[in-house]
1. Show me the strands (runs of 3 or more DSSP E) found entirely inside the stretch 83-158 where at least 2 residues are in the same structural domain as Met71 (by TED's automatic domain parsing), of a type in the set (Val, Ile, Thr) and under 16 Å from Gln60 (Cα atoms).
2. In the stretch 283-313, how many residues are of a type outside the set (Gly, Ala, Ser) and closer than 27 Å to Asp326 by Cβ?
3. Check every one of the strands (runs of 3 or more DSSP E) wholly within the stretch 226-295 and list those with 3 or more residues that are of a type in the set (Asp, Glu) and touching a residue at least 40 places away in the same chain (Cβ under 8 Å).
4. Could you say which residue among Gly170, Gly159, Gly228 is modelled with pLDDT of 95 or more, surrounded by fewer than 18 Cβ atoms within 10 Å (Cβ to Cβ) and on the phi > 0 side of the Ramachandran plot?
5. Is it true that Asp61 is closer than 25 Å to Gly277 by Cβ and in the same structural domain as Phe41 (by TED's automatic domain parsing)?
6. Tell me yes or no: at least one residue of the stretch 267-275 is surrounded by fewer than 20 Cβ atoms within 10 Å (Cβ to Cβ), modelled with pLDDT of 95 or more and among the small types (Gly, Ala, Ser).
7. Hey, could you check the stretch 173-192 for residues that are part of a strand (DSSP E or B) and small (Gly, Ala, Ser) and say which is surrounded by the most Cβ atoms within 10 Å (Cβ to Cβ)?
8. For the stretch 32-76, which positions are β-branched (Val, Ile, Thr) and part of a strand (DSSP E or B)?
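The values are calculated or read from the model by the stated rules, or taken from the named source; none is laboratory data. Quick caveat: nothing in here was measured; it's all calculated off a predicted structure. We place every Cβ from the backbone using ideal geometry, glycine too, and count neighbours over all the protein chains shown.
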Amino acid sequence: MKRLTHTTYNALRRVIHQQQQQPPTAGRAKPLSTRSFPALFVRGGTSNGLVIQRRDLPPQDQWHAILPAAMGAPDPHGRQLNGMGGGLSSLSKICVVAPSARPDADVDFTFVQVGIRDGTLDLAGNCGNMSSAVGPAAWDWGLVADREAKVRDVDVSDGRGRGGGDGGGGGYREALVRVFNTNTSKIIHSRFRVRGRDDDDDDDDNDNSNKPPVYDHEGDYAMDGVPGTQSRITLSFLDPAGAKTGKALPTGNPIDVLHLPDGSRIPASLVDVSNPGVFVRMSDLGIRDADADPATFTPQTVESDSELKARLEVIRQAGAAKMGLDPNTESVPKIVLLFPRSEGSSSSSSDAVDIRCLALSMGQAHKAVPLTLALCLGAAANMPGTVAAQVRRSRGEDGTSGPVVIGHPSGTVEIGATFEDGRIVSADLLRTARVLMRGQVYY
């Protein structure tokens with residue numbers, strides 16, 4: 001029997017894929033022709049999840065029959081052993097990507113948070129960590145039109161090296177992908193390193209001389225929460241204020257007093273930049289700064305204190321109502337505990353840190369920090385009068401100028417924000433991402 005060549009195999013694969021993508025009969029929804037779909041399994045920042053092309057899924061109103069099962073949800077045990085999820089909110093994520101018809105975007109991106117225990121699909125907000133994987137995936141899939149025109153040469157003469165770290169020299173090529181996030185109706189610019197193709201790349205033939213470059217994850221940029229080094233991805237969230245409510249400060253106040261059902265009152269800053277957040281001082285919860293040392297006050301500390309978790313959820317829901325959001329939507333807003341940096345020995349309390357935080361996402365204490373929430377906190381720390389600005393370490397005479405270094409349970413993240421006449425033009429940060437696997441996901 002004649003053996004299939006790599007080229008013939010890929011040709012057959014394309015024919016089968018085209019047959020599966022034939023338009024449905026008029027008046028009928030597209031049928032689910034198989035029990036699997038092609039996808040990438042990726043790490044984006046400090047999260048893991050699936051990246052799927054929109055064309056490989058049925059209409060959105062049928063996603064509930066597919067995506068939870070693919071991620072191993074619902075799982076009453078909270079482990080997601082029967083799917084691609086990892087039993088944590090940061091490991092139960094999906095990105096759906098398609099070419100965009102917008103003049104200011106190359107691709108459209110819908111983020112889906114999959115409920116671990118109940119299997120719900122939450123599309124209320126975006127995930128900044130997983131956003132870092134969207135540009136490279138869309139680029140290598142060929143979803144970006146006129147790719148060569150979106151590549152520039154970067155001259156590295158300042159010692160930053162291949163990935164923007166400390167070593168190396170010379171230069172590299174950098175691609176730009178403009179991403180429209182459908183959850184927040186905001187534009188994200190993703191810039192990342194690319195290289196020429198080689199024989200190891202997944203392609204239909206061996207002639208790579210005239211083909212567009214591919215994403216290059218190798219580099220020397222180190223990111224807290226992820227071992228090793230890789231090339232950096234620069235994410236710029238354009239005009240990020242009012243992602244869900246239309247305003248950076250939905251109530252117009254830098255601080256609001258939340259009235260809780262038990263009669264207590266908690267001052268909080270309600271801020272909507274990239275994703276809405278409810279920011280509360282640890283000291284206002286009766287937790288002294290001395291008791292909030294990062295070496296001892298950890299996500300596990302919160303997870304083991306059911307009374308504290310319940311109180312934080314009540315505060316989150318009160319903040320949601322004040323912002324005009326649905327209190328029953330778990331993903332937005334998120335609640336963040338703030339406390340000043342300390343002089344302890346952990347990385348998140350080093351001298352470089354301006355403010356420390358511990359965030360909860362989907363009812364779980366986060367082991368790092370949700371990236372869109374870090375963007376929100378970075379912006380809030382530059383807004384006079386907010387809880388974040390009051391807690392932040394002063395870096396200048398005004399105390400609220402320049403980038404903000406945020407300490408979190410896994411390390412630090414630096415957020416840059418550009419303001420013009422009091423308006424947030426963009427919020428910027430660095431991430432890394434890597435494809436871990438490509439193939440068929442069964443549901």
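1. So the answer is 93-99, 107-114.
2. Here the count works out to 12.
3. Where strands (runs of 3 or more DSSP E) fall fully within the stretch 226-295, none carries at least 3 residues being of a type in the set (Asp, Glu) and touching a residue at least 40 places away in the same chain (Cβ under 8 Å).
4. Selected residue: Gly228, the only one of Gly170, Gly159, Gly228 that is modelled with pLDDT of 95 or more, surrounded by fewer than 18 Cβ atoms within 10 Å (Cβ to Cβ) and on the phi > 0 side of the Ramachandran plot.
5. no
6. No, the stretch 267-275 contains no residue that is surrounded by fewer than 20 Cβ atoms within 10 Å (Cβ to Cβ), modelled with pLDDT of 95 or more and among the small types (Gly, Ala, Ser).
7. The qualifying residue surrounded by the most Cβ atoms within 10 Å (Cβ to Cβ) is Ser190.
8. Listed by number, the residues that qualify are Val42, Val51, Ile52.
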